[in-house]
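Worksheet: the structure to be examined is printed underneath.
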Amino acid sequence: MGGGGACLARRGAESAVTGEGGRGEALQAAHRTHGPREIEERRGAGKTLHAGQRRRRPARGFSAASIAAPIAGAATKGDIVFKPGDPVVHPIHGAGVVEVVERRELGGRLDQYYRIKLVSQPASNLILPTSAANDLGLRRAITRSRLGKLWRVLRSSPGSLPTDHKERYEMVQGKLHAGDVMQIAEAVRDMAWRQQQEGSLTTRGKRIYQDGLALLVGEVAASQGIELADAEVQVRSQLEKCLAANPAS
């Protein structure tokens with residue numbers, strides 16, 4: 001398991017945000033709210049804005065009591081508000097922990113951002129505007145009290161997957177990006193079982209399975225505050241129980 005954990009950690013690091021000037025930060029925002037894909041594609045522009053912002057005024061953290069201050073970029077009513085120390089999950093970059101909620105001057109006005117330390121690459125930070133975080137799919141990581149349910153999902157009998165490759169991968173990817181850790185667990189379990197049944201997965205199938213496993217392990221690690229390798233041991237032990245109870249036919 002030690003080798004598997006290291007492999008998974010490397011895979012997570014490869015997909016994580018790389019830093020600006022070696023600082024391990026990428027500004028995932030601009031003045032207005034963008035769709036998730038558009039913000040991701042603006043990463044280069046974000047770095048430029050971030051550098052300029054630092055010249056104007058250093059970013060500074062502030063207390064939870066001041067989060068509700070009426071500034072541009074503040075979360076709107078109905079949005080989930082995160083605080084420092086909260087384990088969270090981004091649908092693309094995976095799990096992390098909110099380090100600070102901070103104000104940054106951008107284009108002559110103050111905006112409010114979450115700075116998130118990524119579990120898969122602790123040297124990197126993901127920075128998201130609080131006003132767009134919910135639209136970007138940022139959510140709370142699973143709580144420890146719900147881990148028992150997660151283990152039951154991983155141990156349960158696998159669901160049937162379409163025989164057609166395209167339909168199967170669309171179904172699995174839909175679960176991985178549904179914003180529900182239980183659906184991620186179902187997708188990982190079903191792909192693990194298919195791998196056991198078929199003896200191997202296609203190249204695309206392996207990538208989807210590894211992506212799902214990385215998302216799940218990262219969330220389990222963030223939820224408990226443990227290392228990725230330790231979280232992977234927990235996840236794989238539950239998967240092994242499922243596979244043992246449902247051997248290849």
Under 5 Å, built H, 5+ apart or other chain: amide partners of SER124: LEU118
Where a label projected 7 Å from the Cα of LYS241 along Cα→Cβ would reach, residues of segment 142-175 with amide N under 13 Å: 147-157
Burial ranking of peptide ranges 213-223, 88-98, 150-160, 107-117 (average Cβ count within 10 Å, highest at the top): 213-223, 88-98, 107-117, 150-160
Among 99-105, 79-85, 118-124, the order from most to least packed when residues are scored by Cβ within 10 Å on average: 118-124, 99-105, 79-85
Amide proton proximity set for LEU110, modelled H, under 5 Å, gap of 5+: ALA72
FRET efficiency, 1/(1 + (r/R0)^6) with R0 30 Å, evaluated for SER200 and ASP180 via beta carbons: 0.60
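We did not get these values from a lab; they are worked out from the coordinates using the rules stated. These figures come from a predicted structure and were not determined experimentally. All Cβ positions, glycine included, derive from the backbone under ideal geometry; neighbour counts span all protein chains shown.
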